[in-house]
Amino acid sequence: MKPPRFEYERPADLAAVIALTRREDIAVKILAGGQSLGPMLNMRLVQPDVLVDITGIPELKRVEENADAIIVGACVTHADIEDGRVPDVTGGALPDVARGIAYRAVRNRGTLGGSLSHADPSADWVASLAAIGASVLIRGPAGSRSLAVEDFVTGVFEVALDPGEILEAVRIPRLSRSARWGYYKICRKTGELAQAIGAVLHDPERSAFRAVIGATESTPIVFSDAASLFGGTLRAGLPAAFDAGAAARVLSAAGMTDPYDNQIHVVALKRAIDRARLA
Amino acid sequence: VDPEIGNVEILDYVIVEDGGKLVNPMVVDGQIYGGAAQGIGTALYEEMPFDASGQPLASTFADYLLPGPTEVPNVRILHMETLSPYTEFGVKGIGEGGAIAPPAAITNAVNDALRPLGATELLQSPLTPRRVLAAIAAAIHLPPPQAPLAGKIP
């Protein structure tokens, strides 16, 4: 199928983008890598009046590094992270996640900001960046603001962006040398969207112990204090006993009552933890 | 068979056919590879379920899964050439080791893998992870076999 007729704009700066997206008389969709939006246009799941291509805006490809974090522009691609063109402050965690996204052809064009703004529940960045403790930088008509990733993604394909606002960059914290990271996803076919994702970050030097169960039918389930899954408090070493029953109960309480779905999501988290242990 | 998530991975696959005199061996191998890929789809991935009100649940390729290069293993093909006495050049048919055998071969392999658990034989295609896990769960919770009652046929 082909998309319905639309107008196309490729502004040179963010102010022009915001001027277009805040308009209420036209339906606007932002185009970055087009790896999710393209098929949606072709299947007529979205029918915008204007496509605003943001790939011509230099500041959206910027990468800034400081002592605590890197700030990655929204149009940085998955391949940029996989290939190491973006400095890695996560001890290899993010390049490993990037490497597993879809196929290389998709990774060449798909962007970090696009993936987060699209907010597919099964997206790798949605779950992994929530687990890492990343935040998004939003620019809008009223200025700039920042949100934790898990607060930015509010539902299935829903994000906390007001009219005229755009995700400008992602802030990724610099992990300690001793941090442990584990990520595991379950797919029926390699390269397809995940059926279940588990992610865990254990970084006691920064008092961070976070776990995420992703690819639920809704927003990812974030354990901002993952010690609760191990029946204890944050300690220097990764605790031995993972309480699978506690994870299963949290999933059921969040609405995941089908035994098969519940089981594979618990297993995804368990295997992410096993990988963190081996890190 | 991954017993925690029910996924099945094919580690090795060998197909032996006797096509009599092979007229074009490259075409024969191509036919067998293609048929094997289709058979793997039947065995593990492809299904068109309907819900209680008759709505199709797999209406796009997002739900109707076709095997791709990462799902089809490196099939090893061997040939026997027993000439038919009835045909010109002794040719016979080819390709049936492709599409027809995989559902049976793969299901038998999975049943063999689950046998130590005492699982009931799976006889359905595709062997989705959900069905594999259900068979494992049922096996683990099966009550121990009852002794036959006196005088009754066991």
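Every read-out reported here was derived from the displayed coordinates using simple, explicitly stated rules and does not represent laboratory data. Fair warning: this is a prediction, and the values are worked out from it, not measured in the lab. Note: ideal-geometry Cβ built from the backbone for every residue, glycine included; neighbour counts use all protein chains shown.
Would you mind telling me which residue in A:I166, A:I132, A:I186 has the biggest mean-square fluctuation in a Gaussian network model of chain A, where springs connect alpha carbons within a distance under 10 angstrom? Comparing A:I166, A:I132, A:I186 in the GNM, the peak value goes to A:I186.
Note down the Stokes-Einstein diffusion coefficient of the range A:88-166 in µm²/s, whole number, using a Kirkwood radius over alpha carbon pairs, 10 °C, and 1.306 mPa s.
Details: Rh = 13.3 Å.
Answer from the Stokes-Einstein relation: 119 µm²/s.
Ranking B:L117, B:P85, B:P56 by Cα position along the charge dipole of chain B, where only Lys, Arg, Asp and Glu carry charges on their C-beta atoms, puts B:L117 farthest toward the positive end. Normalised by 2.2 N^0.38 Å, where N is the number of residues, the C-alpha radius of gyration of the range A:132-178 stands at 1.28. Here the calculated FRET efficiency for A:D258 and B:A101, from their Cβ-Cβ distance with R0 = 35 Å, stands at 0.55, rounded to the nearest 0.05.
Computed log10 I(q)/I(0) for the range A:8-156 at 0.18, 0.19, 0.20 Å⁻¹: -1.19, -1.33, -1.47, from the Debye equation with unit scatterers placed on every C-alpha and solvent omitted. One compactness figure for chain B is 1.35, namely its Cα radius of gyration divided by 2.2 N^0.38 Å.
The C-alpha atoms of chain B define a longest principal axis, and helix B:101-114 lies at about 40 degrees to it.
Taking other residues whose beta carbon is less than 9 angstrom from the beta carbon of A:P95, and scoring Lys, Arg as +1 and Asp, Glu as -1, yields -3.
Only helical runs count toward this figure. For the protein assembly as shown, summing -39,500 (n - 2.57) over DSSP H runs of n ≥ 4 and dividing by all residues gives -8500 deg cm²/dmol at 222 nm. Annotation for the range B:88-109 versus the range A:141-184: alpha-carbon center distance of 53 Å.
A P(r) calculated from all alpha carbon pairs of the range A:106-223, with 5 Å bins opening at zero, reads 2, 12, 21, 22, 20, 14, 7, 2, 0 percent.
How high is the relative contact order of chain B, in percent, with contacts defined as C-alpha pairs under 8 Å that are six or more residues apart? Before the final figure, lay out each step's value.
On the way: 215 pairs, mean separation 54.4, N = 154.
So the answer I get is 35 percent.
For A:K29, a cut-off of 18 angstrom between C-alpha atoms picks up these lysines, skipping any fewer than 8 places away in its own chain: A:K2. Ignoring lysines fewer than eight residues from A:K185 along the same chain, the ones with Cα atoms less than 26 angstrom from its Cα are A:K270. With the charge dipole of the protein assembly as shown set up from +1 on Lys and Arg Cβ and -1 on Asp and Glu Cβ about the Cα centre, the Cα lying farthest toward the positive end among the listed residues A:I213, B:P102, A:T21 is that of A:I213. Could you identify which residue out of B:A99, B:A62, B:A138 has the top mean-square fluctuation in a GNM of chain B using Cα springs shorter than 10 Å? In this elastic network of chain B, the residue with the biggest mean-square fluctuation among B:A99, B:A62, B:A138 is B:A62.
Taking a quarter of the surface of the convex hull around the Cα atoms of the range A:1-78, what do you get in nm²? Don't skip to the end; give the middle numbers.
Numbers: hull surface 24.6 nm².
In nm², the orientation-averaged hull projection of the range A:1-78 is 6.2.
Dipole check for the protein assembly as shown: with +1 at the C-beta of Lys and Arg, -1 at the C-beta of Asp and Glu, and the Cα centre as origin, the magnitude is about 600 Debye.
Across the range A:60-219, the mean sequence separation of Cα contacts (distance under 8 Å, 6 or more residues apart), normalised by length, yields a relative contact order of 24 percent.
Partner shielding of A:186-192 amounts to 5, given as the average count of beta-carbon atoms from other chains within 10 Å of each residue beta-carbon. About its Cα centre, the range A:51-135 has a charge dipole of approximately 260 debye under the convention of +1 per Lys or Arg Cβ and -1 per Asp or Glu Cβ, with nothing else charged. Comparing B:G98, B:G41, B:G30 in a Gaussian network model of chain B, where Cα atoms under 10 Å apart are tied by springs, the biggest mean-square fluctuation is seen for B:G30.
Work out the FRET efficiency for A:D162 and A:D53 from their Cβ-Cβ distance, taking R0 = 22 Å, and round it to the nearest 0.05. Provide the component values of the computation, followed by the final result.
Numbers: r = 22 Å, r/R0 = 0.98.
Result of the calculation: an efficiency of 0.55.
Taking every alpha-carbon pair under 8 Å whose residues sit at least 6 apart, the range A:89-166 reaches a relative contact order of 26 percent.
Which value, in nm² and rounded to one decimal, describes the direction-averaged projected area of the C-alpha convex hull of the range B:49-88? Write down the numbers at each step before the final one.
Details: hull surface 27.6 nm².
Averaging across all directions leaves 6.9 nm² for the Cα convex hull.
For a distance above 40 Å, tell me the whole-number percent of Cα pairs in the protein assembly as shown that qualify. Mind dumping the intermediate values first?
Working: 30288 of 93528 pairs.
Percentage above 40 Å: 32.
The local environment of A:S144, defined by Cβ-Cβ distances under 13 Å, has a net charge of -1 under the rule Lys, Arg +1 and Asp, Glu -1.
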